[in-house]
Amino acid sequence: MLNYTFQFGTVWREWPLLVAGLLTTIRLSIISMVLGTVVATVAAAASVYGSRALRVSVLAYVEFTRNTPFLVQVLTVYLGLPSLGVHLSAGDAAILAMTINIGAYGSEIVRAGIESIPKGQIEAAKALGLRPALIFRLVVFRQALIAIYPALASQFMLLMLSTSIVSAIAVEELTATANTIQSRTFRTFEVYFVVTLIYIALSLLFRAAFHFIHVRWVRVR
């Protein structure tokens, strides 16, 4: 016979902490997505158009990131970089680790999109006298973005959920906040059930935002 009294009111009384953790999760996610997109685009362009040494460097970066756990990457940035004289706050270390991670995964997605563009279009743009930078921005990247946007958005969703891992370095995002509340109230089920619902709502919010961006700016009209 189940003999447990649910006390969700105890959790809701900690709503300021939950809101603060939620806002931190959103901030970490958005900053990392923006920076990661830049890294992914540069890395993809280097792997397609760069010299052999540059391509090998990008390949090493991608393989290292994709074949190591994200938690190890976070700990390496936060605990390893100080040994090299680079000291970052927990929040900055989390953003850097997340940017490195999404940059590697995103670069493969962007690279696939770039390589899907017919060579004839690039040659036609060159014949019109467009500069390489303009060709990449107007002909290559624009079309590639349309093709890869769903995959890139899915990767961004995974990145948002991965913010929970940075609680390991005491970043006060949503999961770390849940751990704090649980240690205060000892209402384990209630705390993590509420946080689960918040993550689901956050995922739906991000999905709606990505859909709006797709309809408003990405999709061909």
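The values are calculated or read from the model by the stated rules, or taken from the named source; none is laboratory data. Not measured: the values here are computed from a predicted model. A quick note on method: Cβ atoms are made from the backbone with ideal geometry, for glycine too, and the neighbour counts reach across all protein chains shown.
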For this session: Go through (1) farther than 30 Å from Leu79 by Cα; (2) without any contact (Cβ under 8 Å) to a residue 40 or more places away in the chain; (3) out of contact with any Gly (no Cβ under 6 Å at 6 or more places or on another chain) and name the single condition Ile148 misses.
Result: (3)
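Take the residues in segment 193-220 that are farther than 17 Å from Gly21 by Cα and either outside any helix (DSSP H, G or I) or β-branched (Val, Ile, Thr) (or both), then tell me which one is nearest to the chain's Cα centre (by Cα). Lay out the reasoning, then the answer.
Our first condition is that a residue be farther than 17 Å from Gly21 by Cα; within segment 193-220, this holds for 204, 207-220.
From what is left, the residues that are either outside any helix (DSSP H, G or I) or β-branched (Val, Ile, Thr) (or both) are 213, 215, 218-220.
Values: Ile213: 16, Val215: 21, Val218: 19, Arg219: 22, Val220: 25 Å.
That would be Ile213.
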For this session: For segment 147-155, state whether one or more residues are modelled with pLDDT under 95, among the aliphatic types (A, V, I, L, M) and farther than 28 Å from Ala209 by Cα.
Result: no
Exercise. Is it fair to say Thr177 is among the polar types (S, T, N, Q) and farther than 16 Å from Leu28 by Cβ?
Worked result: no
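How about segment 1-116: which helices (runs of 4 or more DSSP H) wholly inside it have at least 3 residues that are exposed (fewer than 14 other Cβ atoms within 10 Å of the Cβ)?
Numbers: elements: 8-12, 15-49, 52-66, 70-75, 90-115.
The qualifying helices (runs of 4 or more DSSP H) are 8-12, 15-49, 52-66.
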Exercise. Listed residues Ser154, Ser183; which is surrounded by fewer than 16 Cβ atoms within 10 Å (Cβ to Cβ), in a helix (DSSP H, G or I) and over 22 Å from the mean Cα position of the chain (by Cα)?
Worked result: Ser183
Exercise. Can you spot a residue in segment 166-183 that is out of contact with any helix residue (DSSP H, G or I) (no Cβ under 9 Å at 6 or more places or on another chain), of a type outside the set (Lys, Arg) and farther than 30 Å from Ile122 by Cβ?
Worked result: yes
For this session: Output the residues belonging to segment 159-192 that are farther than 18 Å from Leu23 by Cα and without any contact (Cβ under 8 Å) to a residue 24 or more places away in the chain.
Result: Gln182, Ser183, Phe186, Thr188
